[in-house]
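Colleague: Following this message is one structure expressed as structure tokens.
Quick note: the coordinates plus some simple rules give every number you see, no bench work behind them. All figures in this text were calculated on a predicted structure; none of them were measured in a lab.
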Amino acid sequence: MTRDLDASIPGSGSAIRGIRRMARRYWSHVDALLRRVWSGDFPQLPTLLAHWLVGASALGVTTAVCFALGLNPGAVALVYLIVIIVLSLLGGSFLSSIIFSAIAIGCIAFFFSPIPFSRSRSKIPEMF
């Protein structure tokens, strides 16, 4: 004779079965993730460090060249976008692309955008 532990609470049996199903699905996702980690499907640490080193170097060179050419922030943003897309296609992770994007935004804000509330005139040359 089996005993139903949820017999005294009306409607609780289906809620507990739903939680059990959700826990099984969650565990299957965790199990699949652990299998990927142990099989070596994720980028190894030296590969990831090399990718970050190459990415930081590419962003630094891009910043130096664009600053030397005196490009405006819009053109620099386009150049950074191209560099980040190339870096993400070279085998980086999504997290690396986010970090490179944040670094590029910081470089644009620091090196190329005008200082807010400054009394000096903008150094952008006039066309006409």
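Colleague: Once all Cα-Cα distances of region 45-112 are split into 10 Å bins that start at 0, what whole-number percent is in each one?
Modeller: 22, 55, 21, 3
Colleague: Now a separate question. Could you calculate the contour length gain from LEU81 to ARG36, that is, 0.36 nm times the residue separation minus the distance between their Cα atoms, to one decimal place in nm?
Modeller: 13.1 nm
Colleague: If you don't mind, there's one more thing I want to ask. By how many nm would the segment from ALA64 to ARG20 grow when fully extended, if each residue of separation counts as 0.36 nm and the alpha-carbon distance is taken off?
Modeller: Roughly 10.2 nm would be gained on extension.
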